[in-house]
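Asks: Dropping a structure here in structure tokens format, bear with me for questions.
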Amino acid sequence: MGFENYRDIDVLKGKTLVEVERSHYDSNDALFFKTADGEFYIMTHNQDCCENVYIDDICGDFADLLNEEILTAEELNNDYPVDEECIEDTYTWTFYHLATFHGDVTIRWFGTSNGYYSESAEFYKISEEDYNVHVNRNSL
């Protein structure tokens, strides 16, 4: 996966998800998405030096998103207080909100770093082959 495959999460708006799997990619937290029109996506963060980014919480049930048109697909960043002894120099909460008429899911990522590195997840379009390899091998 490279920069040329990067997408904003709002690319899912108007699409229908048929599968969402929580897994790992290269030892990092990952969510894999499959759409009804045969597109495949991954939400993950490629860890680098001096940073730690992971899925902190998922509120809602992905089953509520399946086989329904995605009405909302958005990313929100915010700084909330945390125990400062547990973090590096900077931190970021990143929320990814997906909603259908039937329900919604909020994925909360937490990232810390020395201030130089990214602290949020990325969303990439991937091939069906990459999807099948990683979902079938690493599903949680």
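Values quoted throughout were computed directly from the atomic coordinates according to the rules given, and no laboratory measurement underlies them. As the structure is a prediction and not an experimental result, all values here were calculated from the model. FYI the Cβ positions are ideal-geometry reconstructions off the backbone, even for glycines, and counts take in every protein chain you see.
Asks: Treating only the Cβ atoms of Lys and Arg (+1) and Asp and Glu (-1) as charged, compute the dipole magnitude of the chain about its Cα centre; round to the nearest 20 debye. Working shown, then result.
Replies: Values: 8 positive and 31 negative charges, 99 e Å.
So the dipole magnitude of the chain works out to roughly 480 debye.
Asks: If r is the Cβ-Cβ distance from Asn136 to Asn77 and R0 is 30 Å, what FRET efficiency results, to the nearest 0.05? Spell out each step's value before the answer.
Replies: Details: r = 32 Å, r/R0 = 1.08.
That pair, Asn136 with Asn77, gives E of 0.40.
Asks: Modelled label-to-label distance, Asp48 and Lys15, 7 Å Cα→beta-carbon offset: nm?
Replies: 2.5
Asks: Divide by every residue of the chain the summed helix terms, -39500 (n - 2.57) for each DSSP H run of at least 4, and state the resulting mean residue ellipticity at 222 nm, rounded to the nearest 500 deg cm²/dmol. Provide the component values of the computation, followed by the final result.
Replies: On the way: 1 runs with 11 residues, N = 140.
Calculated from helices alone, the mean residue ellipticity at 222 nm is -2500 deg cm²/dmol.
Asks: Only one of the listed values, (i) 16.0, 52; (ii) 21.8, 92; (iii) 14.9, 46, was derived from the coordinates as Rg and Dmax of the Cα atoms in Å; which label is it?
Replies: Read-out from the structure maps to (iii).
Asks: Follow-up question, since we're still on this one. Return a whole-number percent for the relative contact order of the chain, with Cα pairs under 8 Å and 6 or more residues apart as the contact set.
Replies: Working: 324 pairs, mean separation 43.3, N = 140.
Answer for the chain is 31 percent.
Asks: Now for a different question. Could you work out the local net charge near Phe101, counting Lys and Arg as +1, Asp and Glu as -1, over the other residues with Cβ closer than 15 Å to its Cβ?
Replies: Around Phe101, the charge tally is -3.
Asks: In addition: Among Val11, Thr90, Gly38, which residue has its Cα furthest toward the positive end of the charge dipole of the chain, with +1 on Lys/Arg Cβ and -1 on Asp/Glu Cβ?
Replies: Gly38
Asks: Multiplying the sequence separation of Thr35 and Arg7 by 0.36 nm and subtracting their Cα-Cα distance, what value in nm do you get? Could the numbers behind the result be given before it?
Replies: Working: separation 28, 0.36 × 28 = 10.08 nm, distance 1.46 nm.
Additional length available on full extension: 8.6 nm.
Asks: While we're looking at this one, here's another question. Using the Cβ atoms and a cut-off under 9 Å, what net charge is assigned to the surroundings of Ile55, where Lys and Arg are +1 and Asp and Glu are -1? Let's see the in-between values first.
Replies: Details: positive: Arg22, Arg108; negative: Asp29, Asp56, Asp57.
Net charge around Ile55: -1.
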